[in-house]
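Data block below; observations after.
The values are calculated or read from the model by the stated rules, or taken from the named source; none is laboratory data. Note that the structure is a prediction, hence the values are computed from the model and not measured. Because the Cβ atoms are built from the backbone with ideal geometry, glycine has one as well, and the counts that use them run over all protein chains shown. Ligands, DNA and RNA are stripped out before the accessible areas are found, and what is left, the full protein with its side chains, is counted by its heavy atoms. Shrake-Rupley method; radii C 1.70, N 1.55, O 1.52, S 1.80 Å.
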Amino acid sequence: MKKVILVILGFFALLAAYPVLFLAAGSLMGKQELAGYLAPVLAKGGGYAAFRLFPMYPTLRAYVELLLDSPGYFIMFWNSVRITAGILLGQLLAGVPAAWGFARFEFPFKRAVFTVYVTLMMMPFQVTMLSNYLVLDQMGLMDTLWAVILPGAFSTFPVFIMYRFFTGIPEAVVESARIDGAGEWKIFLHLGLPLGSGGICSAMVLGFLECWNLIEQPLTFLKNKELWPLSLYLPDIGLLEAPAAFAASVVVLLPAFFIFLGGQDYLEQGIVAAAVKE
């Protein structure tokens, strides 16, 4: 019975991994081979697209053209780095103190304010798009990277994740620090941050995975294509651009893949903590 379950799980795992294998194989194919497989889709011909998991004639030409002959790729890459770093830094500076305040202090309408936080977290971007647009336009930030960074920096989801970890810190430990003469800022810096590091790391991992793949926000707030992030590289793919598109997809995937591997344990802790009711 156990072997049957393992086979079934392995089958579904292979199905989940197939798109990644599809990308990796396509990035190693030449233009002619890809054209033969994808012509029914990209050239609007008849029939169905076919594909192989192993290229007949593997080549790294697509990676060479992308990394050495595509200056636009590097501009978009550094745009992605600046957007992601700015959002994550903002979430650390704004989200961590906010989560600590919700977890450790009592103030009027605390539950109502936190409910608003959770409600905002569940709203899709389309709901808040117009209000964000109007505010950013009034501030003169439209068509700048700040138009994407600022709304993301004040996202409510990291606060929700870190709040669950901070509430798990025993009150006796905090009270002991107060009795020893530690002020609130000292408790936060020397007690809250170390003990809540798991929640902070899990929030940063989830934040990176979201920010690195932003599509709707840059399309809405950035009209200048020179400011677009890497997630918008080659939005229109034809047969001629297919090899570069496959290679770009693999390269875009790698940072998120390594971040996920490095923070997998923290990510699991964050998911478990978010599922625990207050």
**OP:** Of all residues in region 145-162, count the ones that are in contact with a Leu (Cβ under 9 Å, 6 or more places away or on another chain) and open to solvent by 40 Å² or more (accessible area, probe 1.4 Å).
**Re:** 4
**OP:** State all residues of region 205-232 that are open to solvent by less than 30 Å² (accessible area, probe 1.4 Å), assigned to a helix (DSSP H, G or I) and aliphatic (A, V, I, L, M); if no residue qualifies, say none.
**Re:** 205, 230, 232
Original post:
Among (1) without any contact (Cβ under 8 Å) to a residue 40 or more places away in the chain; (2) in contact with a helix residue (DSSP H, G or I) (Cβ under 6 Å, 6 or more places away or on another chain), where does residue 151 come up short?
Top reply: (1)
**OP:** Show the residue pairs that are 6+ apart or on different chains and have beta-carbon atoms under 7 Å apart, the first residue being within region 210-234 and in contact (Cβ under 8 Å) with a residue 24 or more places away in the chain and more than 10 Å from residue 80 (Cα to Cα), the second being open to solvent by 10 Å² or more (accessible area, probe 1.4 Å) and acidic (Asp, Glu).
**Re:** 222/143; 223/143; 224/143
Original post:
Among all residue pairs at least 6 apart or on different chains, which show Cβ distances below 9 Å where the first residue, located in region 159-177, is farther than 15 Å from residue 95 by Cα and the second is part of a helix (DSSP H, G or I) and of a type in the set (Val, Ile, Thr)?
Top reply: 174/187; 177/187
Subject >> Positions within region 8-29 being part of a helix (DSSP H, G or I), surrounded by 15 or more Cβ atoms within 10 Å (Cβ to Cβ) and of a type in the set (A, V, I, L, M), in sequence order >> reply: 23, 24, 25
Subject >> Of residues in region 4-54 being over 28 Å from the mean Cα position of the chain (by Cα) and hydroxyl-bearing (Ser, Thr, Tyr), the one modelled with the lowest pLDDT >> reply: 48
Subject >> Filter pass, residue 199 being at pLDDT below 85, on the phi < 0 side of the Ramachandran plot and outside any helix (DSSP H, G or I) >> reply: no
